Structure formats: structure tokens, C-alpha cells
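*Asks:* Provided herewith is a single structure, encoded as C-alpha cells, for subsequent inquiry.
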Amino acid sequence: MSENTQRLVPTPGQTIGPFYGYALPYENGENLVDRSHPGSVRLHGTVYDGHGVPVPDSMLEIWQADENGKVSQETGSLIRDGYTFTGFGRVAVDNEGQYTFTTVNPGPTEAGKAPFICLTVFARGLLNRLFTRIYLPEDTEALANDPLLSGLSEDERATLVATREADGSLRFDVHLQGDGETVFLAYPGLE
Amino acid sequence: MAAENPEDAFEPLTAKGADDAADSQDQLNNEMAQITKQYEESGRTETQPRLDYAPYRSSILRHPTKDPRHTDPETIELYAPAFGERDVHKLESDLTIQDGGEPIGERIRITGRILDGDGRPVRNQLVEIWQANAAGRYIHKRDQHPAPIDPNFTGVGRCLTGDDGSYSFVTIKPGPYPWKNHQNAWRPAHVHFSLFGTDFTQRMITQMYFPGDPLFALDPIYQSIVDPKARERLVADYDHNVSEHEWLLGYKWDIVLSGSNRTWTEDDSNV
Ligand SMILES: [Fe+2]
């Protein structure tokens, strides 16, 4: 542990603003694996505002374990070599607020845990980033035992569990506000 | 890369449209003063921006109305992606040498340390910045502010922190720029910073400002951090020890991320 007993006050966040598009997104940012990878999965959806209108200037980041539930600490997310799974992805939504990542289904990081993908949301007009989780829908028993999900109403819970589509892809929409508002998360040490 | 549609970005004054900002700065100032008054009366201490801050018009439909759900981080959330020299070249921290010629403006260095809430340095982690040029213009294609583009300046930089959590960028001091939030709205000069910690839950994006900017009181993005002490944490210090003889002016800005929730062993701390 650190010698400091007094916690330092965190620096405030600010909006990503409108002009990140030439600075933060990068080539293959949204491709954690290649589409040809045997276990590749499309994770996609739309970001909506409080009127249900797509948000065209949002940036999303995901962070996840690999198919076996292993947390990668490999470098190379910014310049991908096509083989190394780094677990991190970044994408700017398109003009219709839609995004697509190509990734794998994360395995449970511990036996019996419900696997999920961490999602961070940034947008013009959003004054600080938002955290949430994208749960895989399959392991219903693990989902039922999940400490976060089991404390939510049915409607709230539904905002965190992705839909598995017929083609195997995962659909996860983000509602910043209003009907079906996504449950966003706060962690200890974080206001 | 996806195109963007920042309708609150500056557009030429000739392109008047239905969405034109009608509110005056006085109107904005009144709204901001009202919120300040309520905050002072509340007796609370806030350290982060309000997500619901109506003077920043674009936040009105883009803030969650429910409080965030408190949860304990699970394994994946206790780690952050790793970045290394494969990802970032050393020269990317000098924004003045990226496009051949010398960019125009005041050459500066911005340096400081990134710590977690317990004062531990955040080591070997990615820092990304982006900013307007000396005239207040971004390279971004939707930035229509009629100020000159500098062909020798992209305004984008990256670096990895050192073992002591330090980062350093050489760049040009950005200019203030107009935007469409209200009539005669100007952003104080700022540099956007994107930061990772040791835990993914420490991920943050913010803006660094320069000391003494006359636009602070007028800017709803800066003022969305309603606590004066908290927002001053975004203002760098001029540091003459960082300045270099006949070369550049130095600014010092330390960044504190939220506390790590990992159980740190002696081993981890020495990685
Ligand atoms: Fe900006």
C-alpha cells in the first residue's frame, strides 16, 4: 500500500467536446480481433439522447477479458499486429449514432461469474465519461447471481444485458437519458 | 473514422439557421450565478462536473437523470489496457516537429505527474492530447471558425508516463475559439487530455486550462464544475523552472485519477 493515508482529490473530468475525431479514433481501433478470427463476434448498437435521437458525436471504448476469461496485459492496442488480443477497443459512432466492434465473447474471469464487457461512453454534451457493463445474455444462472444485476429492477437490468441476434452478433444500445435509460455505474473512490 | 456533426461547433456567421444560439452571455451568466448560489447554500463539496448543467446547452438531452449505481469493481475492472513503445513513438510528444516546418505561436512545454488517489504514480500509461492551434482553429473538418489553419500543426500528441508517473509535451499555446452555445460564446484556451490509470474505472478525459484566462467566468463547460477549488485543479501553473532559455515557456500540471481499487502488493507497486 502507499505511504499516503490521505486520499488525494481526483482531477475533474470535462466533455470530450466536438473535435476529438481526428485525435483519438485510430485505424482498427474497433477491431479487437480480425473478422476472420474463428470466434469473432460483432458487438454493435446505437447511442441515443433523451429524445431517442441518435447521438452522432459519441466515442465508445470497451475493455474485456479474452474467450477464456483471461485479462490481457499485452501492449499493442493502438498499432494492432493482427494476432495479439489486447482486450481494448475504441470507436467513434457514425452519423446515425451507430457503432460496431469486432471482438470475442469474453469468458468468465472467475468460475460462475457472469461475463461482461466494460464500456465507457464519451460524447459532446456529456460533461464526464460514463461507465457501464455489457453482459452476455447466455449464462442465466450466473446473471441471476450477479451482485450488480440482482439489485436492479427488471427494466434496469434489461439495459445492461446485450441481445444475441440470429447471426450471433451482440446488440447493445446506449440510452443516455429517458426511456430505457442505461444504468451507469459508480465505483468506490469515484464520485 | 466516423464523421461527426458537432452542431455546437462554430459555423460561419453567414450560415444563420433555426438552431442559431439566441441567448446572450448575460442570460448565461445569470443561469450560472443561480447554480453557484444554490451550490453555496447546499453546504456540499463537489469535485467533478455536473452532468446536468443546462448552461451548457448540449448537456440538456445527454445527461443521465438517474444517479449512477454504486458497484464493486470485478476483476476486469481492476485492470487497464497496457500500452507500450509498440503503441507510441517518442517523437509523438513533440507537437512542434510533426509536419516538417515550425508551427506558428508561443512554444510551450506542459509537464506534470499522473497519480492515483493514493498518491501512487501511474507508470507506463498512455496520455493523449489534442488542441486548437495558436489561432484557435482545429484541424477537424467541421471546425469552420474563420481563423487560419497552420499547415505545420496537427495539434495531436501522445506519450507514455515515466516510472514516476511523469508526462511531458512540447506544443504551441492554443488560442481561444468561438462556439455556438450562445451569442458570442468563446472557450478559454485549453488542451484536451485523455488518461488511463491502473484500473479501467480510472479512465478519464478532461481539459487543461492556462492561468488567468479572462474567459473562465463566462464558460459553461469550465463552470460546470461548480466548486471553485475543484475547477482550479484544471488550471496549469506557469513554472519558470520548466521554461527554457530563449526556447519555450513552461507549464506544470499534475493530474490525480480516482483511487485504485486493486489490492496492491509490494510487487505490483514496483512493476
Ligand atoms: Fe476544445
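Laboratory data are not the source of any read-out in this text; all were calculated from the coordinates shown. What you see is a predicted model, and the numbers here were worked out from it, not measured in a lab. Here Cβ is always computed from backbone atoms with ideal geometry, including for glycine, and neighbour counts include all displayed protein chains.
*Asks:* For chain B, count the residues as N, evaluate 2.2 N^0.38 Å, and divide the Cα radius of gyration by that value, please.
*Replies:* That ratio works out to 1.07.
*Asks:* Here's a follow-up. Taking the dipole about the Cα centre of chain B, with the C-beta of Lys and Arg at +1 and of Asp and Glu at -1, give me whichever of B:Cys159, B:Thr71, B:Pro176 is farthest to the positive side.
*Replies:* Looking along the dipole axis, the top candidate is B:Pro176.
*Asks:* Here's another thing I want to ask about it. Could you point to the residue in B:Gly250, B:Val235, B:Pro146 farthest towards the positive end of chain B's charge dipole, with +1 and -1 charges on the Cβ of Lys/Arg and Asp/Glu respectively?
*Replies:* The residue sitting most towards the positive pole is B:Pro146.
*Asks:* About the Cα centre, and with charges only on the beta carbon of Lys, Arg (+1) and Asp, Glu (-1), how big is the dipole of the protein assembly as shown? Nearest 20 debye, please.
*Replies:* For this selection, approximately 540 debye.
*Asks:* Label B:Gln98 and A:Glu96 with points 7 Å out from Cα along Cα→Cβ: what is the distance between them in nm?
*Replies:* 3.2
*Asks:* Over chain B, what relative contact order in percent results from Cα pairs under 8 Å that are six or more residues apart?
*Replies:* Normalised by residue count, the contact order of chain B is 26 percent.
*Asks:* Could you rank the peptides A:110-120, B:142-152 by their average count of other C-beta atoms within 10 Å per residue, with the highest value first?
*Replies:* In decreasing order of mean packing, A:110-120, B:142-152 become A:110-120, B:142-152.
*Asks:* Which of these, B:His182, B:His70, B:His192, has the largest mean-square fluctuation under a Gaussian network model of chain B (Cα springs below 10 Å)?
*Replies:* In this elastic network of chain B, the residue with the biggest mean-square fluctuation among B:His182, B:His70, B:His192 is B:His70.
*Asks:* Given the -39500 (n - 2.57) contribution per DSSP H run of 4+ residues, what per-residue ellipticity at 222 nm results for chain A, rounded to the nearest 500 deg cm²/dmol?
*Replies:* Computed ellipticity for chain A at 222 nm equals -1000 deg cm²/dmol.
*Asks:* Once each part is reduced to its C-alpha centroid, what is the distance from region A:1-72 to region B:23-90 in angstrom?
*Replies:* 17
*Asks:* If you don't mind, another one. Work through the residues other than B:Glu92 whose Cβ is under 10 Å from its Cβ and net out their charges, Lys, Arg +1 and Asp, Glu -1.
*Replies:* -1
*Asks:* Where the Cα atoms of region A:31-175 are projected onto their three principal axes, how long is each span, largest first, in whole Å?
*Replies:* Computed over the Cα atoms, the extents are 39, 38, 31 Å.
*Asks:* I want to verify a result. In a Gaussian network model of chain B, Cα cutoff 10 Å, which of these has the top mean-square fluctuation: B:Thr45, B:Thr96, B:Thr75?
*Replies:* Comparing B:Thr45, B:Thr96, B:Thr75 in the GNM, the peak value goes to B:Thr75.
*Asks:* Which of the GluC sites (Glu not before Pro) across region B:20-121 are loop residues per DSSP, with 12 or fewer other Cβ within 10 Å?
*Replies:* Here the sparse-neighbourhood loop sites are B:Glu85, B:Glu106.
*Asks:* Dipole magnitude of region A:31-175 about its Cα centre, charges +1 at Lys/Arg Cβ and -1 at Asp/Glu Cβ only, in debye to the nearest 20?
*Replies:* Roughly 320 debye for region A:31-175.
*Asks:* Then there's this: Of A:Asp167, A:Asp139, A:Asp94, which has the largest mean-square fluctuation in a 10 Å C-alpha GNM of chain A?
*Replies:* Of the options given, A:Asp167 has the highest mean-square fluctuation.
*Asks:* I'd like to compare A:13-22, A:172-181: which one has the highest average count of other Cβ atoms within 10 Å, and what's the full order after that?
*Replies:* So the peptides A:13-22, A:172-181, ranked by packing, come out A:13-22, A:172-181.
*Asks:* In whole Hz, with x marking every Gly and Pro, tabulate ³J(HN,Hα) for region A:114-121 from phi via Karplus 6.51 cos²θ - 1.76 cosθ + 1.60, θ = phi - 60°.
*Replies:* Using θ = phi - 60°, the values come out as 7, x, 8, 10, 6, 10, 10, 10 Hz.
*Asks:* Next up: Suppose we look only past 31 Å in the calculated P(r) of the protein assembly as shown. What percent of the Cα-Cα pairs does that tail hold?
*Replies:* Distances greater than 31 Å cover 40 percent of the Cα pairs.
*Asks:* I've got another one for you. Please tell me the relative contact order of region A:31-175 in percent, rounded to the nearest whole number, where contacts are Cα pairs under 8 Å and at least six residues apart.
*Replies:* For region A:31-175, the relative contact order is 30 percent.
*Asks:* Report, as an integer, the average count of C-beta atoms from other chains found within 10 Å of each Cβ along B:194-205.
*Replies:* For peptide B:194-205, the averaged partner shielding equals 6.
*Asks:* On to the next question. At 7 Å along Cα-to-Cβ for each site, give me the label-to-label distance between B:Asn29 and B:Gln144 in nm.
*Replies:* So the two model labels end up 2.9 nm from each other.
*Asks:* Arranged from highest to lowest average of other beta-carbon atoms within 10 Å per residue, in what order do the peptides B:204-215, B:231-242, A:121-132 appear?
*Replies:* With the highest mean Cβ count within 10 Å placed first, the list reads A:121-132, B:204-215, B:231-242.
*Asks:* At 222 nm, what helix-only mean residue ellipticity would chain B give, in deg cm²/dmol to the nearest 500, using -39500 (n - 2.57) for each DSSP H run of four or more?
*Replies:* -3000 deg cm²/dmol
*Asks:* Return the sequence-ordered ³J(HN,Hα) values of region B:34-50 in whole Hz as given by the Karplus equation 6.51 cos²θ - 1.76 cosθ + 1.60 applied to θ = phi - 60°, using x for Gly and Pro.
*Replies:* 4, 5, 4, 4, 4, 5, 4, 6, 6, x, 8, 10, 9, 10, 10, x, 6
*Asks:* Other chains' Cβ within 10 Å of B:95-101 residues: what's the mean?
*Replies:* Mean shielding count: 0.
*Asks:* Around A:Val33, what is the net charge, scoring Lys/Arg as +1 and Asp/Glu as -1 over all other residues with Cβ under 10 Å from its Cβ?
*Replies:* Summing Lys/Arg as +1 and Asp/Glu as -1 gives -1.
*Asks:* To the nearest whole number, what is the average tally of beta carbon atoms from other chains within 10 Å of the beta carbons of peptide B:50-63?
*Replies:* 6
*Asks:* Using +1 on the beta carbon of Lys and Arg, -1 on that of Asp and Glu, and nothing else charged, what's the dipole of chain B about the Cα centre, debye to 20?
*Replies:* 400
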